[in-house]
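The structure appears below as structure tokens.
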Amino acid sequence: GESVGLHLPTLSVQEGDNSIINCAYSNSASDYFIWYKQESGKGPQFIIDIRSNMDKRQGQRVTVLLNKTVKHLSLQIAATQPGDSAVYFCAESSQDTGRRALTFGSGTRLQVQP
Amino acid sequence: DTGVSQNPRHKITKRGQNVTFRCDPISEHNRLYWYRQTLGQGPEFLTYFQNEAQLEKSRLLSDRFSAERPKGSFSTLEIQRTEQGDSAMYLCASSLASYNEQFFGPGTRLTVL
């Protein structure tokens, strides 16, 4: 079936550096993408989303880039902090199904070294 | 707290027992989703409700699983005759409209012995 996957299972960065987490998706009909942060023992926490009619969206310290040509999504975190350490998931949904359920990748663990 | 809540947070049961989880979505969110998450994996869709109507079930949802949302507010997920393979985190999410972001609850971690 259609799936969303991540290139790197673990990313280790120094505090203060910028982090980039990548994600590939396979469903060409996907029109909504979202990044979640999940800390141990907690539910996914919304970070930022983007619709397919955009290629970039910025939030507080975070930027999501969407390249529909190569079906690639990335999350950039500026000035990474120890509190950013968590597992990050990209997810997508498609209007095809109508239900808008999210299809998640397997996650990237971000480790921030002090 | 106006976020999505789930109860219980943890459930340990013996194989063959029935368990029921509850989800209280964000007030006025008309869509409610159930997902299952195993260690190291992303959440997988199980089923969803538009108000009180259950509109779709995933193939992951065997006939031992049943979900309800009787008044279009809270929802319950019941697993009958639990198996060890049911051990996972069960997550609930809600959204205001089909196109909006989904907000997740803290999950219920089920351990089947």
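The values are calculated or read from the model by the stated rules, or taken from the named source; none is laboratory data. None of these values were measured; they are calculated from a predicted model. Every residue, glycine as well, gets a Cβ built from its backbone with ideal geometry; the counts of neighbours run over all protein chains shown. Each accessible area value is taken on the protein alone, full model and side chains, heavy atoms only, with ligands, DNA and RNA left out. Shrake-Rupley method; radii C 1.70, N 1.55, O 1.52, S 1.80 Å.
Which residues, counting only those in the range B:83-100, are open to solvent by less than 50 Å² (accessible area, probe 1.4 Å) and not polar (S, T, N, Q)?
B:Asp86, B:Ala88, B:Met89, B:Tyr90, B:Leu91, B:Cys92, B:Ala93, B:Ala97
Only one of (1) hydrophobic (A, V, I, L, M, F, W, C); (2) open to solvent by 40 Å² or more (accessible area, probe 1.4 Å); (3) in contact with an Asp or Glu (Cβ under 8 Å, 6 or more places away or on another chain) is not met by B:Phe103, so which one is it?
(3)
Given the residues B:Ser58, B:Ser66, which is the only one that is of a type in the set (Ser, Thr, Tyr), facing another protein chain (nearest Cβ under 9 Å) and over 15 Å from B:Gln6 (Cβ atoms)? It would help to see each step written out before you state the result.
Values: B:Ser66 fails: facing another protein chain (nearest Cβ under 9 Å).
Going through B:Ser58, B:Ser66 in turn, the sole match is B:Ser58.
If I filter the range B:45-67 for residues that are among the small types (Gly, Ala, Ser), modelled with pLDDT of 95 or more and within 23 Å of A:Tyr36 (Cβ to Cβ), do I get at least one hit?
yes
Considering only the range B:1-52, give the strands (runs of 3 or more DSSP E) lying wholly within it that have at least 2 residues that are open to solvent by 80 Å² or more (accessible area, probe 1.4 Å) and closer than 30 Å to A:Arg109 by Cα.
In the range B:1-52, the matching strands (runs of 3 or more DSSP E) lie at B:10-13.
Please specify each residue of the range A:37-50 satisfying the condition of being over 10 Å from B:Phe103 (Cα atoms) and more than 7 Å from chain B (Cβ to nearest Cβ). Please lay out each step first, then the result.
Here is the first cut: in the range A:37-50, the ones over 10 Å from B:Phe103 (Cα atoms) are A:37-42, A:47-50.
Of everything in the range A:37-50, those that are over 10 Å from B:Phe103 (Cα atoms) and more than 7 Å from chain B (Cβ to nearest Cβ) turn out to be A:Lys37, A:Gln38, A:Glu39, A:Ser40, A:Gly41, A:Ile47, A:Ile48, A:Ile50.
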